[in-house]
Amino acid sequence: MDNHPEGCGGGAKRPLWPLILLVVAFASSALFAQYQKKPPDFGGIYSFPTPTHPEPRGIVLLSLDVAMLAVGLGLGAYFVLKRRSRTATLWLSIAAIAYFGFYRKGCTCPIGSIQNVTLSLVDPHYLISPGVIAFFLLPLIAALLFGRVFCGGVCPLGTVQDLVLLRPMNVPRKLDRVLRWIPFVYLAVVIFFAGWGLPTVTSSGKEIVLRRFLICEWDPFIGIFRLSGPFHMLAIGAGFLMVGMFYGRPYCRWLCPYGGLLSILSRVAWKNVTVTPDKETYCGMCADACPYGAIHDYNADRATCVSCARCYECCPREIVRLRREGIPAKRYVSVPGGRGPA
């Protein structure tokens, strides 16, 4: 028997209170209702796709959204790389869900901005605001500097999945590698439909190009954040959350097209997550604690690490460092079959 920090390991139970917060937030009859207003016709015939929830027109509100994103990215980098705190990152996640998720209804979204940027580059008649450009670029710039801090504590789609994770289970590495190619395939499809689309013929015989914003059409969490929406989309979102209770961030890992872009840039990040604060112990606890398969050879993989700071909670040297600084840390308990610190 070896010493493991209490609560560490792939099969460890997670605290229930983040899930309880989400249940309380979702406890609305509107969650199970259809849209009362006529939704945009994404499958219709038109020149430019229309966002389901346009960005605010007022410069003050738009500036506030951009400022909140910039502050969130800065805090995410500070909490993960400097303070190395899972607790602080968790509270940042809750704040991001509250603001970007429920308050802004999931609309100020770097993921969906891929489509706007693509269409503006292809067609000069389609103009986008500086706010959309900022939302598209800021997380990418942050990834170049600090890794995927946007995923870790700022993106409401990712953090809502992180909060519901209760009993993480491992995915075979070979299968995980195959699934991680899907975001790039999805990205290519999204870019094609947003920028070029498919030619179609109207009833009058006129040929037009049908462009579609597929990310907006099939966002699995938008109905949850708005507490309303078509039943099939609410069901898909609920399905992702149910799977996310056992397999960490299924949408982020195996579908999100923006995550694919971030994974490329984070490979060359100026600074990135390092599990141990000083010397590696080769104990393997960090790999056991990571529910996203992002720890390889006792190090955080730059491309797949989402900067959630979970690994810090179980690192023996990190726990010792926190105790020296007078910060409460997990206590050691005896766990059979554990590898233990070297």
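Taken together, the values in this text are just the output of simple stated rules run on the coordinates, not laboratory data. None of these values were measured; they are calculated from a predicted model. Cβ coordinates were reconstructed from backbone atoms using ideal geometry, including for glycine residues, and neighbour counts include every protein chain displayed.
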For the range 293-310, take each phi angle, set θ = phi - 60°, evaluate the Karplus expression 6.51 cos²θ - 1.76 cosθ + 1.60, and give the result in whole Hz per residue in order, putting x for glycine and proline.
x, 9, 9, 10, 6, 6, 9, 6, 6, 4, 6, 9, 5, 9, 6, 8, 6, 5
Amide H neighbours of ALA300 under 5 Å, counting only residues 5+ apart in sequence or on other chains, H built in-plane at 1.01 Å?
VAL275
Can you list residues from other chains, or at least 5 along the same chain, whose modelled amide H is less than 5 Å from the amide H of LEU210?
LEU198, THR200
Simple spin-label estimate for TYR282 and ALA70 in nanometres, 7 Å along Cα-Cβ
4.6
Provide the per-residue ³J(HN,Hα) series for the range 256-268, in order, calculated from phi with Karplus coefficients 6.51, -1.76, 1.60 and θ = phi - 60°, each as a whole number of Hz, with x at glycine and proline positions.
4, x, 5, x, x, 5, 5, 5, 5, 5, 5, 4, 10
Relative contact order (percent, whole number), the range 187-342, Cα cutoff 8 Å, 6+ residue spacing:
16
Positive-end residue of GLY260, ILE236, ASN272, charge dipole of the range 204-279 with Cβ unit charges
ASN272
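Assuming R0 = 25 Å, can you tell me the calculated FRET efficiency for the pair PHE231 and VAL122, based on Cβ-Cβ distance, to the nearest 0.05? Could you put the intermediate results ahead of the total?
Numbers: r = 34 Å, r/R0 = 1.36.
Rounded to the nearest 0.05, the efficiency is 0.15.
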Collect residues whose amide H, placed 1.01 Å from N in the peptide plane, falls under 5 Å from the amide H of TYR126; neighbours closer than 5 in sequence don't count.
none
So if I take the centroid of the Cα atoms in the range 253-283 and the same for the range 131-208, what is the distance between those two points in Å?
17
